[in-house]
Amino acid sequence: GFVPGLFGTSHGALQFMAYEDLKERYNKYRNRVSDTKLNTVEYIVMAAVSKIFAVSATYPYQVVRARLQDQHNTYSGVFDVIRRTWR
């Protein structure tokens, strides 16, 4: 599970990237300066949407990692896990 574990570190980076992009686009849409602070509701919505994006992008790796760590099954590698999971 080492390789999928390394991929998992991207979760926070993806969430931060999505949050910043959403905030910038939203402020542009509202004709505000890009670094304008959001109000509470806007902040919650941007944080939730960016979290959903990050989870959706990185959840499949968690399944692969968990299956590789499972002691009851033997896999020959990451691609074997993906192939057998897909099937």
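The values are calculated or read from the model by the stated rules, or taken from the named source; none is laboratory data. The structure presented is a predicted model; accordingly, all values stated were derived computationally and were not measured. Here the Cβ positions follow ideal geometry from the backbone for every residue, glycine too, while neighbour counts run over all protein chains shown.
Name the one entry in K37, K28, K23 that is of a type in the set (D, E, K, R) and in contact (Cβ under 8 Å) with a residue 12 or more places away in the chain.
K23
Do we have T58 as touching a residue at least 40 places away in the same chain (Cβ under 8 Å), of a type in the set (V, I, T) and within 30 Å of G77 (Cβ to Cβ) here?
For T58, the condition - touching a residue at least 40 places away in the same chain (Cβ under 8 Å), of a type in the set (V, I, T) and within 30 Å of G77 (Cβ to Cβ) - is met.
So N73 clears everything in (1) modelled with pLDDT of 85 or more; (2) assigned to a loop (DSSP other than H, G, I, E, B) except one condition, right? Which one?
Result: N73 passes all but (1).
Do we find a residue being loosely packed, with under 15 Cβ neighbours inside 10 Å, in the same structural domain as D80 (by the TED database), over 30 Å from V78 (Cβ atoms) and not acidic (D, E) anywhere in region 14-30?
No, region 14-30 has no match at all.
Anything in region 1-57 that is within 30 Å of L68 (Cα to Cα) and assigned to a loop (DSSP other than H, G, I, E, B)? List them, or say none.
G1, T9
A quick yes/no check of all residues on (1) in the same structural domain as H11 (by the TED database); (2) closer than 21 Å to G12 by Cα; (3) of a type in the set (V, I, T):
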residue: Y43; (1), (2), (3): no, yes, no
residue: V49; (1), (2), (3): no, yes, yes
residue: H72; (1), (2), (3): no, no, no
residue: I82; (1), (2), (3): no, no, yes
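Look at R67 and say whether it is of a type in the set (K, R) and surrounded by fewer than 14 Cβ atoms within 10 Å (Cβ to Cβ).
When the stated conditions are applied, R67 does not pass them.
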